[in-house]
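Scroll down for the structure; my scribbles are underneath it.
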Amino acid sequence: MKKLKFQQQFNLNYSLNCGQTFNWTNQDDCWYGVIKNDVYCLKQDDNVIYIDSTDSDCINTMKKYFRYQDNYELIISCISLDPFIQTAIQNFSGLRLIRQDPWECTLSYLCASNTNISNIRKMLDNLSKKFGNRLTFHDKQFFTIPSPSTLSNAYLSDLIKCKVGYRAKYIKRSAVFIDQNSYIFDELKIMNLINARKKLSDSCEMFGVGPKIADCILLFSHDMLDSFPIDTRILQTIKQYYRYLLDPEMYKIQNDKSTLTSYQYEYLSKIMIDYFGPYAGYAQEFLYCQYGLSDKFTR
DNA sequence: GGTTGACCTGG
DNA sequence: CAGGTCAAC
């Protein structure tokens, strides 16, 4: 059992359970999860997390994963720009962005289109059980996220057995591409957000990755903290609380079709990033969580 | 270039 | 209807 003490605010439950990552489970008063080829068991007490793991270097892994070096106070003060987000920040104080492995993140969000969080969890779980490696820890079974190489060799029919539906062909094709071109993730890291998003979403090789999923990949696994993914929740939030930021021309976004055209997406993204600044991605995560709260009361 | 409908699956 | 994207107008 090792300890990691955070100097600034940190909340493990919010960070693991806010819809950024989908392969952590809470069992026996402990968060269990797999990163690459290791199992981690995490508990929080005040600003300390207690780590039990198969990874001998787990402290450093956790520091990276939970963005230990981010200046949390500074980031929060930069995005605390209006009463609405201030409320969200208070409600989810200690929520942090997570730095995921690029492929694990890509696979997760390939599963995420037009479905809900519990279903994303199930799809990833099915894929890991069928194609991942089995690990045993604390007398429990865990499975690694399957590699691009494994999934590139998978039959479409076996992917479909994992209940991923029409996403099977996205997963297969993207796995084939990443298996042979894994350097693309390094190329993306030195690009700016606009170009990186374009490269990911325009590439027909990254089949199934549009602008929204591209933004998630860039925010959660490429350190692009200005990325501001716009999903249905965020779109509703913008309509309700940030409409005043939009050009009058763009008011037509009010028509209640839930999906955005790529043009509308890029426009809204620019507006929100201009507003929230270089840490817009943190703002997005607070707004996403806040919507989860208010949704239950207003609908 | 901007719209529209189909799409696996589960609650 | 849910953390969207693709293919056809």
Check: A:P278 versus (1) in contact (Cβ under 8 Å) with a residue 60 or more places away in the chain; (2) in contact with a helix residue (DSSP H, G or I) (Cβ under 6 Å, 6 or more places away or on another chain); (3) within 24 Å of A:Y72 (Cα to Cα): which is the lone unmet condition?
Finding: (2)
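Answer yes or no: is there a residue in the stretch A:80-87 that is on the phi > 0 side of the Ramachandran plot, at pLDDT 95 or above and surrounded by fewer than 17 Cβ atoms within 10 Å (Cβ to Cβ).
Step one: filter the stretch A:80-87 for residues on the phi > 0 side of the Ramachandran plot, giving none.
No, the stretch A:80-87 contains no residue that is on the phi > 0 side of the Ramachandran plot, at pLDDT 95 or above and surrounded by fewer than 17 Cβ atoms within 10 Å (Cβ to Cβ).
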Next item on the list: Can you give me the number of residues within the stretch A:75-101 that are under 14 Å from A:Y288 (Cα atoms) and either in a loop (DSSP other than H, G, I, E, B) or of a type outside the set (V, I, T) (or both)?
Entry: 10
Note to self: I'd like the residue in the stretch A:169-209 that is under 18 Å from A:E104 (Cα atoms) and modelled with pLDDT under 95 and, out of all such residues, is farthest from DNA strand C (Cβ to nearest atom).
What the structure shows: A:S182
Notebook entry, point to check: What is the residue count in the stretch A:112-142 for residues that are buried (at least 19 other Cβ atoms within 10 Å of the Cβ) and under 19 Å from A:V39 (Cβ atoms)?
Noted result: 6
Notebook entry, point to check: Say we look at the stretch A:26-42 and pick out the residues that are of a type in the set (F, W, Y) and touching a helix residue (DSSP H, G or I) at 6+ places or on another chain (Cβ under 8 Å); which of these is surrounded by the most Cβ atoms within 10 Å (Cβ to Cβ)?
Noted result: A:Y40
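Tell me which residues, restricted to the stretch A:113-137, are part of a helix (DSSP H, G or I) and either more than 8 Å from DNA strand B (Cβ to nearest atom) or among the β-branched types (V, I, T) (or both).
A:I117, A:I120, A:R121, A:M123, A:L124, A:D125, A:N126, A:L127, A:S128, A:K129, A:K130, A:F131
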Notebook entry, point to check: Do you know which residues across the stretch A:204-246 are acidic (D, E) and out of contact with any Gly (no Cβ under 9 Å at 6 or more places or on another chain)?
Noted result: A:E205, A:D223, A:D231
Next item on the list: Considering each of A:L151, A:L110 in turn, give the residue that is within 13 Å of DNA strand B (Cβ to nearest atom), at pLDDT 95 or above and out of contact with any strand residue (DSSP E or B) (no Cβ under 8 Å at 6 or more places or on another chain).
Entry: A:L110
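Residues in the stretch A:197-219: is at least one closer than 25 Å to A:R96 by Cβ, within 16 Å of DNA strand B (Cβ to nearest atom), surrounded by 18 or more Cβ atoms within 10 Å (Cβ to Cβ) and basic (K, R)? Steps first, please.
Restricting attention to the stretch A:197-219, the residues satisfying the condition of being closer than 25 Å to A:R96 by Cβ are A:197, A:200, A:209, A:211-219.
Then keep just the ones that are within 16 Å of DNA strand B (Cβ to nearest atom); that gives A:197, A:209, A:211-213.
Then drop every residue that is not surrounded by 18 or more Cβ atoms within 10 Å (Cβ to Cβ), which leaves A:197, A:209, A:211-213.
Subsequent filtering for residues that are basic (K, R) retains A:197, A:212.
Yes: the stretch A:197-219 contains one or more residues that are closer than 25 Å to A:R96 by Cβ, within 16 Å of DNA strand B (Cβ to nearest atom), surrounded by 18 or more Cβ atoms within 10 Å (Cβ to Cβ) and basic (K, R).
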Item checked: Filtered residues of the stretch A:191-243 (kept if in the same structural domain as A:L268 (by the TED database), over 16 Å from A:G19 (Cβ atoms) and out of contact with any helix residue (DSSP H, G or I) (no Cβ under 6 Å at 6 or more places or on another chain)) -> A:I238, A:K239, A:Q240, A:Y242, A:R243
Note to self: Any residue at all in the stretch A:242-260 that's near DNA strand C (Cβ under 9 Å from one of its atoms), among the β-branched types (V, I, T) and either over 20 Å from the mean Cα position of the chain (by Cα) or modelled with pLDDT under 95 (or both)?
What the structure shows: yes
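The values are calculated or read from the model by the stated rules, or taken from the named source; none is laboratory data. Just so we're clear, the structure is a prediction, and the values are computed from it rather than from any experiment. For neighbour counting, all protein chains shown are included, and Cβ atoms are generated from backbone atoms with ideal geometry for every residue, glycine included.
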